[in-house]
1. Here are some residues: 169, 173. Which one is aliphatic (A, V, I, L, M) and in contact with a Ser or Thr (Cβ under 7 Å, 6 or more places away or on another chain)?
2. Which ones in the range 89-126 are within 17 Å of residue 155 (Cα to Cα) and surrounded by fewer than 16 Cβ atoms within 10 Å (Cβ to Cβ)?
3. If a residue has to be without any contact (Cβ under 8 Å) to a residue 40 or more places away in the chain, under 20 Å from residue 110 (Cα atoms) and open to solvent by 40 Å² or more (accessible area, probe 1.4 Å) to count, how many in the range 127-155 make the cut?
4. Kindly list the number of the only condition in (1) at pLDDT 90 or above; (2) over 21 Å from residue 145 (Cβ atoms); (3) surrounded by 18 or more Cβ atoms within 10 Å (Cβ to Cβ) that fails for residue 84.
5. Could you list all residues from the range 41-53 that are touching a Leu at 6+ places or on another chain (Cβ under 9 Å) and surrounded by fewer than 23 Cβ atoms within 10 Å (Cβ to Cβ)?
6. Count, please, the residues in the range 42-89 that happen to be in a loop (DSSP other than H, G, I, E, B) and under 17 Å from residue 20 (Cα atoms).
7. So, of the residues in the range 5-36 that are under 27 Å from residue 92 (Cα atoms) and free of Cβ contacts under 8 Å to residues at least 12 places away in the same chain, which turns out to be least open to solvent (accessible area, probe 1.4 Å)?
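The values are calculated or read from the model by the stated rules, or taken from the named source; none is laboratory data. These figures come from a predicted structure and were not determined experimentally. Positions of Cβ are generated from backbone atoms using ideal geometry, with glycine treated the same way; all protein chains shown enter the neighbour counts. SASA here: full protein model, heavy atoms, side chains in, ligands and nucleic acids out. Shrake-Rupley method; radii C 1.70, N 1.55, O 1.52, S 1.80 Å.
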Amino acid sequence: RGRELATENRERFQEIRGLEYIALAHLEGGHPEWSLELARSATELARKMPMMVGVIYGLAIAGRALSRMARHDEAVAHFRRALADLERSGQADSRDAAAVVKDIGVVLQDRGSHLESLPYVKRAAEMAERALGPDHPETAFALAEEAWTLGMLGRTDESFPLYERALAAGARAMGADS
């Protein structure tokens, strides 16, 4: 029975990941409504398993789809649920958590709420640096996102040093001299 259960779980895991990959392809292909439905299906299957990583990724994909459909409040709610699941599973400072926090900030920016976005993009940059190190491309991107947000708020004196840090981190990540 143990072998049957392991095979069944592996097949269910593959089905969930397949749905998530197809959802991402539809999202990138310009069909967020299809992506949303597939992401919701993957999330429900993952909840039944239970497969926490599938739930988190499904919620994040659904959040991205909702954001593309300009349903920003719903998108933020999905990302916050994903973040809460990450925190409950002991992954509050992980790379995935940093990405979800950044996604919340980006959706708030898309909504035009730059001031509300700032604590999220700042936290995402700090989390990325802790989780990935100062020379990782995702850290560089997170720093640039924070700098851009500060610039949108007219705080260029704070944004320029962050842009410089992001550029230097990106250069180091690519192996160039900073």
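1. Values: 173 fails: in contact with a Ser or Thr (Cβ under 7 Å, 6 or more places away or on another chain).
Going through 169, 173 in turn, just one is aliphatic (A, V, I, L, M) and in contact with a Ser or Thr (Cβ under 7 Å, 6 or more places away or on another chain): 169.
2. 112, 113, 115, 116, 119
3. Step one: list which residues in the range 127-155 are without any contact (Cβ under 8 Å) to a residue 40 or more places away in the chain, which gives 127-137, 139-141, 143-144, 146-148, 150-151, 153-155.
Narrowing further to those that are under 20 Å from residue 110 (Cα atoms): 141, 143-144, 146-148, 150-151, 153-155.
Filter again for open to solvent by 40 Å² or more (accessible area, probe 1.4 Å), leaving 141, 148, 153-155.
Number of matching residues: 5.
4. In the conditions (1) at pLDDT 90 or above; (2) over 21 Å from residue 145 (Cβ atoms); (3) surrounded by 18 or more Cβ atoms within 10 Å (Cβ to Cβ), residue 84 misses (3) alone.
5. Answer for the range 41-53, where residues must be touching a Leu at 6+ places or on another chain (Cβ under 9 Å) and surrounded by fewer than 23 Cβ atoms within 10 Å (Cβ to Cβ): 41, 45, 51, 52.
6. Here is the first cut: in the range 42-89, the residues in a loop (DSSP other than H, G, I, E, B) are 49-51, 69-71, 89.
Then keep just the ones that are under 17 Å from residue 20 (Cα atoms); that gives 49-51.
So the answer is 3.
7. For the range 5-36, the residue satisfying everything is 18.
For (1) part of a helix (DSSP H, G or I); (2) among the aliphatic types (A, V, I, L, M), each residue gets a yes or a no:
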site: 101; (1), (2): yes, yes
site: 118; (1), (2): yes, yes
site: 123; (1), (2): yes, no
site: 154; (1), (2): no, no
site: 157; (1), (2): yes, no
